[in-house]
Amino acid sequence: MKNAKRILIVDDEKMLHTMLKTVLEVHGFEVIDAMSGEEGLLKAFSEKPDLIILDELMPGIKGRDVCKKLKTINETKNIPVIFLTSKDSSDDLEAEISAGAVAHIGKPVYAATLIRHVRKVLGQ
């Protein structure tokens, strides 16, 4: 997958990772996995993905705090973040945008919805 866009998935649900990875790879994306906010931060710094898909509810650092941190660091501040989470109230959406996210997808997610959002954010 030479020149494939690289997507970092940060979520603590292993089955969701498997599904997202399968769907994204079928559509030509390269996937990087992180199972916690802490691991997500480390991989964002080391891997410099083109996009981050981030859950809010995780043990340790929560998704919004991960997003805020990413947006304060020069190396990661321009990486777009899409929240993929079951938290779906208008207050949640507002808090995600305030943290620096560019989009929100509710769980459960359909493959077509995921790909549509990813392609829109990546300008494809």
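A few comments on the model shown:
- Any pair with Cβ under 6 angstrom, 6 or more apart, that starts in the stretch 38-56 at a residue that is at pLDDT 95 or above and ends at one that is of a type in the set (Gly, Ala, Ser) and surrounded by fewer than 23 Cβ atoms within 10 Å (Cβ to Cβ): GLU38/GLY60
- Top-ranked residue of the stretch 59-72 - restricted to ones that are touching a Gly at 6+ places or on another chain (Cβ under 6 Å) and closer than 15 Å to ASP12 by Cβ, ranked as surrounded by the fewest Cβ atoms within 10 Å (Cβ to Cβ): GLY60
- Residue identified as among the basic types (Lys, Arg), more than 22 Å from GLU96 (Cβ to Cβ), surrounded by fewer than 22 Cβ atoms within 10 Å (Cβ to Cβ) and more than 12 Å from the chain's Cα centre (by Cα) among LYS14, LYS5: LYS14
- Only one entry in GLU75, GLU56, GLU94 is farther than 25 Å from GLY28 by Cα and surrounded by fewer than 18 Cβ atoms within 10 Å (Cβ to Cβ), namely GLU94.
- Failed criterion for GLU39 (all others in (1) buried (at least 17 other Cβ atoms within 10 Å of the Cβ); (2) in contact with a helix residue (DSSP H, G or I) (Cβ under 8 Å, 6 or more places away or on another chain) hold): (2)
The values are calculated or read from the model by the stated rules, or taken from the named source; none is laboratory data. Bear in mind the structure is a predicted one, so any value in this text is a computation, not a measurement. Because the Cβ atoms are built from the backbone with ideal geometry, glycine has one as well, and the counts that use them run over all protein chains shown.
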